[in-house]
Amino acid sequence: MSPDGFEAMGVEVVVGGATETELREVKRLFERLDRIFSRFRPDSELSRLNESSSGFVGASPTFVGVLRLALDAARRTDGLVDPTLGVAIEAAGYDRDFARLADDDRPPEPSLRGSWRQVRVAGSLVFCPPATKLDLNGVVKALAVDAALQRLSGEGFVAAGGDVAVSGAAVVGLPGGGSLTLRNGGLATSGTTTRHWLRGGETQHHLIDPATGRPSTSPWKEVTVAAGSCLEADIAAKAAFLLGEPGPDWLDERGLPGRFLAVDEEVENEAWRRALEPAQAA
Amino acid sequence: MSRIEAARRRAGGVKRALTVLAAAGLIVTGLLARATNPGHAAAGTPATGASSSVQSAESESQGSDDFSIAPSSSQPQVQTHVS
């Protein structure tokens, strides 16, 4: 299975096991979702909604479907994974494609906390509270990986940045070293080791604490989670990161294996240890 | 028509208009309450014009019940990074 790759959504997408036709379809899928959901394209549907002054906007079926998934993620994580943190992430300085982001002497802008409970969806109508901006990037990328995998007729994998989904089995390299075999599921790593920058002399990153509207002060640098889909793994990894110290137990309560890297320690929850013990013993 | 009678007619017109407005407001409020709750459309409420996409987005994210991770000492087929 020789993988193919292309750039989309600001990351390299790697596909293994696709025919040429399937690969083209996967590329189109990523490009289409990026056109709809990019924060950095002024003509994207997301940008139009975020710039709307009325709060009420008619949205496409795809937009509504993804927004519902994002709101469901917020509900299932008690608001930790909140799609209404667009203002907060811009306030931290992440207002352009990460490749074009530079350190900035100006202090962070005033921020807004999460307000996902005030978002309303009725049919194709979406209502967001005034001044709120949606950021659906995390959900969209993970969903794109899952959806792309479904475009493959046989076994294979699709990876984009910290997200990977596998049909059948594949050996997956983990950030920071090590590997594991992932079978019929998804794996996601959320963290601050790659995407961080300086604003007003302070380190900023993209994992926003919805309670403060500021970059999280979680003790973790990276959290890796495996689950039945990439979307599920991505949501759980972000939530476990933002939860801080209770993160490992929170994952165990949901039966999800997770590995947590801090500055000076590595913590694996029980589900992770149970799954990988044979290798460690060998 | 006396001035008092004209005033009564005007008041009656205003009252009827207010009644119609109140009824319309109630209907709209009821429809919105049925169609929405915080962050979600109500369960069982058809998402007009969007149902196929909602089902599509949800089906695209369907997870596998039999996912697993296992140890490996082989060379990775795919390297993941940090999001």
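Just so it is clear, none of the values below were taken in a lab; they were calculated from the coordinates. This is a predicted model, so every value here is computed, not measured. No Cβ is skipped: glycine too gets one built from the backbone with ideal geometry, and neighbour counts run over all protein chains shown.
Odds and ends about this structure:
- Length-normalised contact order of chain A in % [C-alpha pairs under 8 Å, at least 6 apart]: 17 percent
- Near A:Y94: Cβ cut-off under 10 Å, other residues only, Lys/Arg at +1 and Asp/Glu at -1. The net charge is 0.
- Computed FRET value (nearest 0.05) for A:T203 with B:R10, which takes r as the C-beta separation and R₀ as 56 Å: 0.25
- Most to least packed among A:123-130, A:236-243, B:73-80 [average Cβ atoms within 10 Å]: A:236-243, A:123-130, B:73-80
- Lysine pair count for the protein assembly as shown (Cα-Cα distance under 25 Å; residues 8 or more apart in sequence or on different chains): 6.
- Cα gyration tensor shape for chain A, rounded if a/c is under 1.5, else prolate or oblate: oblate
- Efficiency of FRET from Cβ geometry, B:Q75 and A:E277, R₀ 22 Å, rounded to 0.05: 0.50
- Computed over segment A:141-204: relative contact order in percent, which uses C-alpha pairs under 8 Å that are six or more apart: 22 percent
- Think of segment A:66-143 as a dipole: +1 on every Lys or Arg Cβ, -1 on every Asp or Glu Cβ, centred on the Cα centre; then among A:V121, A:L101, A:G138, A:V121 lies furthest on the positive end.
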